[in-house]
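Trainee: Pasting a structure below so you can have a look.
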């Protein structure tokens, strides 16, 4: 397997369809230096008709966000889009499986029954169950207020099996908190700060 640098700059309202025959790993989102608008910009991913916020960036406050998003050839229907006033630069790696490695590295081939479903590796849940049609909320990660619906008692933290699962959920939670902090709503800002103070580990002296 060989890897190469991947980068992309998305303008506001610009959509980018994921078209690759290899494994794309997006690791960083940063506000482009060519704009100086104080308003926030949000990076979103659209898959199977649903849209999820990956991070929200604001000039002078939160200008960069680490990501841990993987897109495989099965995720060809996914789109990246930026909403807001500023462009966002994306950085990552493109992992190409060499033809010579296909026969020698069979251990790295994903078991379709265990590691992915018919919706691709990006899908968190079968969308037919309607559990996440409204997007992720803090209570899906054991944070914030109790769920508003009786049938929405899902804690994704309890279903984490790998460090990658935890890192992905951490990124989603951080994106939700960033959106609340940048919302301009005093109540939402206070809630987000309170949650962040409890979930952030204190620095060692």
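The values are calculated or read from the model by the stated rules, or taken from the named source; none is laboratory data. Treat the numbers as computed from the prediction; the structure is a model and nothing was measured. Positions of Cβ are backbone-derived with ideal geometry, glycine not excepted, and every protein chain shown enters the neighbour counts.
Trainee: In this structure, is residue 18 over 14 Å from the mean Cα position of the chain (by Cα) and crowded, with 18+ Cβ neighbours inside 10 Å?
Mentor: So residue 18 fits the description; yes.
Trainee: So how many residues does the stretch 60-85 have that are outside any strand (DSSP E or B) and under 14 Å from residue 175 (Cα atoms)? If you could, list the steps in order and put the result at the bottom.
Mentor: Filtering the stretch 60-85 for residues outside any strand (DSSP E or B) gives 60-61, 63, 72-78, 85.
From what is left, the residues that are under 14 Å from residue 175 (Cα atoms) are 61, 63.
Residues flagged as outside any strand (DSSP E or B) and under 14 Å from residue 175 (Cα atoms) within the stretch 60-85 amount to 2.
Trainee: Can you name the residue in the stretch 33-59 that is assigned to a loop (DSSP other than H, G, I, E, B) and farther than 18 Å from residue 178 by Cα and, of all such residues, is modelled with the highest pLDDT?
Mentor: So the first thing to find is which residues in the stretch 33-59 are assigned to a loop (DSSP other than H, G, I, E, B), and the list is 33-39, 48-49, 59.
Pick out the ones that are also farther than 18 Å from residue 178 by Cα and you get 33-36, 48-49.
Working: 33: 83, 34: 70, 35: 57, 36: 63, 48: 77, 49: 80.
Per the stated criteria, the residue is 33.
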